[in-house]
Amino acid sequence: EPEVTQTPSHQVTQMGQEVILRCVPISNHLYFYWYRQILGQKVEFLVSFYNNEISEKSEIFDDQFSVERPDGSNFTLKIRSTKLEDSAMYFCASASGSPQHFGDGTRLSIL
Amino acid sequence: AQSVTQLDSQVPVFEEAPVELRCNYSSSVSVYLFWYVQYPNQGLQLLLKYLSGSTLVESINGFEAEFNKSQTSFHLRKPSVHISDTAEYFCAVTAMNTGFQKLVFGTGTRLLVSP
């Protein structure tokens, strides 16, 4: 069964550094999403992406965040200057309808 | 906008006992409803979904959920749990027929099954 793949599984970064989280969605899916889950809290929507542009973003997704689909297969989330509060599990999801299919996540630890 | 309430943060049960995990939602439009399960150190896996049709939906591992529109609920049940069902369970909704909208999640219920 096709699945969403996320790399790396764990990323440790110094505060203020840029980080790029990578996702390979399921190949025939057209809708892509990023969510995050701070330890012990609920899963929160960050951004959705369709037809090479952002279709919706949450208030969390400020100017420090950006998304890109650089080569037609990867879907990346960039955090420009990381803060301590960016430490969380980041999930990528893709869909061709409902439901959304999730990857196993990238645990981002900011030191 | 949608919101999801999972009142129980943790539900301890003994193996082979029945369990119900509660989920209530709020929305001004019709919604699709989902239960996702997260095993320790893993991602989110779809457990079951309600899109349309029969209000009772079942998963392959014995869970079921019933959509109750009048009570705005989508409670998850299993008649006999196993140790392997220990996990975090998230109820989620998305607005219907508005494109592929974001999922709104509840805070999750940790199911702890003991021998």
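The values are calculated or read from the model by the stated rules, or taken from the named source; none is laboratory data. Everything numeric here is computed off the predicted structure, so don't read it as measured data. Note that we place each Cβ from the backbone using ideal geometry, even for glycine, and neighbour counts take in every protein chain shown. SASA here: full protein model, heavy atoms, side chains in, ligands and nucleic acids out. Shrake-Rupley method; radii C 1.70, N 1.55, O 1.52, S 1.80 Å.
Going by the structure shown, is residue B:71 assigned to a loop (DSSP other than H, G, I, E, B), under 17 Å from residue A:45 (Cα atoms) and of a type outside the set (Lys, Arg)?
Working: assigned to a loop (DSSP other than H, G, I, E, B): yes; under 17 Å from residue A:45 (Cα atoms): no; of a type outside the set (Lys, Arg): yes.
Answer is no for this residue.
Does residue A:55 count as open to solvent by 50 Å² or more (accessible area, probe 1.4 Å), within 11 Å of chain B (Cβ to nearest Cβ) and in a strand (DSSP E or B)?
On the way: open to solvent by 50 Å² or more (accessible area, probe 1.4 Å): yes; within 11 Å of chain B (Cβ to nearest Cβ): yes; in a strand (DSSP E or B): yes.
Judged against the criteria, residue A:55 is a match.
Among the residues of region B:37-55, write down those that are more than 7 Å from chain A (Cβ to nearest Cβ), closer than 19 Å to residue A:5 by Cβ and surrounded by 16 or more Cβ atoms within 10 Å (Cβ to Cβ).
Our first condition is that a residue be more than 7 Å from chain A (Cβ to nearest Cβ); within region B:37-55, this holds for B:37-41, B:45, B:47-48, B:50, B:52-55.
Okay, now just the ones that are also closer than 19 Å to residue A:5 by Cβ, so B:38-39, B:41, B:45.
Passing the criteria: only B:38.
Within region A:80-111, which residues are open to solvent by less than 10 Å² (accessible area, probe 1.4 Å), in a strand (DSSP E or B) and over 18 Å from residue B:49 (Cα atoms)?
Hits for region A:80-111 are A:88, A:90, A:91, A:92, A:106, A:108.
Among the residues that make up region B:76-94, is at least one of them open to solvent by 10 Å² or more (accessible area, probe 1.4 Å), under 21 Å from residue A:96 (Cα atoms) and within 14 Å of chain A (Cβ to nearest Cβ)?
Quick first cut of region B:76-94, residues open to solvent by 10 Å² or more (accessible area, probe 1.4 Å) only: B:77-80, B:82-84, B:86, B:88.
After this cut, where a residue has to be under 21 Å from residue A:96 (Cα atoms) as well, the list is none.
Within region B:76-94 (the criterion being open to solvent by 10 Å² or more (accessible area, probe 1.4 Å), under 21 Å from residue A:96 (Cα atoms) and within 14 Å of chain A (Cβ to nearest Cβ)), the answer is no, since none of the residues qualifies.
Is there any pair linking a residue in region A:99-111 that is at positive phi to one that is open to solvent by 70 Å² or more (accessible area, probe 1.4 Å), with Cβ under 9 Å and at least six apart or on different chains, and which?
A:105/A:9; A:105/B:42
Check whether at least one residue in region A:7-29 is of a type in the set (Val, Ile, Thr), open to solvent by 40 Å² or more (accessible area, probe 1.4 Å), within 22 Å of residue B:103 (Cα to Cα) and without any contact (Cβ under 8 Å) to a residue 60 or more places away in the chain, and report yes or no.
Checked against the condition, which is being of a type in the set (Val, Ile, Thr), open to solvent by 40 Å² or more (accessible area, probe 1.4 Å), within 22 Å of residue B:103 (Cα to Cα) and without any contact (Cβ under 8 Å) to a residue 60 or more places away in the chain, region A:7-29 yields at least one hit.
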